[in-house]
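One structure is given here, and the rest of the page talks about it.
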Amino acid sequence: MNKVRDQTLSMLQAGQVESAKEGVRQYLEYRLSDLISKLRIPVPIDLAFNENKQLAGDFITAIEAAVKLQKAAGSLILEPAQEAGLNASMTTIVGNYLSHWGTGQALAFSAPALQGVMAAIDTYCDCFTFIPSPGAAAKYYNLSVKRVKLQSPGSTNVVLPRRS
């Protein structure tokens, strides 16, 4: 999917907004679908097998429902900064892209706005990651696990996800 991302960003940098807007949609739907899979978020069967070409809204609804459920149960493993990042990123994605796409107002898109949407997509997905140890690659949380705080003598708190 990096090809779609890279090609879309290249088109936006060249000012080819009309050509790039479909790439933004494809990238958004791919990243959200991938996020649902990596976080193990259950989705209704009709969403899993939906052949509709515009699934972003349904994917966002499923992710938000999982986050709200975990928060209500007191088991949300995201840090407060990550939760805030989710809201900020989604505001950018919805305000600068989905609200216009859904109404067919394609003329409302500008290259800088869509570049911001592309960055917000990545930031949104990154809110669901953690770094297991310094220098390690980021990993996605499993929303069904709780984190455990460990304190070693003479050091600061270390936050790790509980292994399932």
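The values are calculated or read from the model by the stated rules, or taken from the named source; none is laboratory data. On a predicted model such as this, the values are computed, not experimentally measured, just so you know. Using ideal geometry, Cβ is built from the backbone for each residue, glycine included, and neighbour counts are taken over all protein chains shown. Surface areas here come from the heavy atoms of the whole protein model, side chains and all, with no ligands, DNA or RNA. Shrake-Rupley method; radii C 1.70, N 1.55, O 1.52, S 1.80 Å.
Largest to smallest in accessible area, the residues Glu83, Glu18, Glu29, Glu64 fall in the order Glu18, Glu64, Glu83, Glu29 (1.4 Å probe, all protein chains included). Note on Ser133: accessible area approximately 60 square angstrom, rounded to 10, probe 1.4 Å, nucleic acids and ligands left out.
Applying 1/(1 + (r/R0)^6) with R0 = 25 Å to the Cβ-Cβ distance of Glu22 and Asp126 gives a FRET efficiency near 0.55. Using a 7 Å offset from Cα along Cα-Cβ at Ser37, what residues in the stretch 65-96 end up with backbone N under 16 Å from the label point? Of the residues in the stretch 65-96, none has backbone N under 16 Å from the label point off Ser37.
Take the alpha carbon gyration tensor of the stretch 12-51, find the square roots of its eigenvalues, order them as a ≥ b ≥ c, and report rounded if a/c is under 1.5; if not, report prolate when a/b exceeds b/c, else oblate. Verdict is oblate for the stretch 12-51.
Solvent-accessible area of the stretch 11-96 (1.4 angstrom probe, protein heavy atoms only): carbon and sulfur portion equals 53 percent.
Working from label points 7 Å from Cα in the Cα-to-Cβ sense, the Ala119 to Ile45 distance is 4.4 nm. Electrostatic tally near Gly85: other residues with Cβ closer than 13 Å to its Cβ, Lys and Arg +1, Asp and Glu -1, net -4.
How much length is gained if the chain between Asn87 and Ala73 is pulled fully straight, taking 0.36 nm per residue apart and subtracting their Cα-Cα distance, in nm to one decimal?
Full extension of this stretch gives 3.1 nm more.
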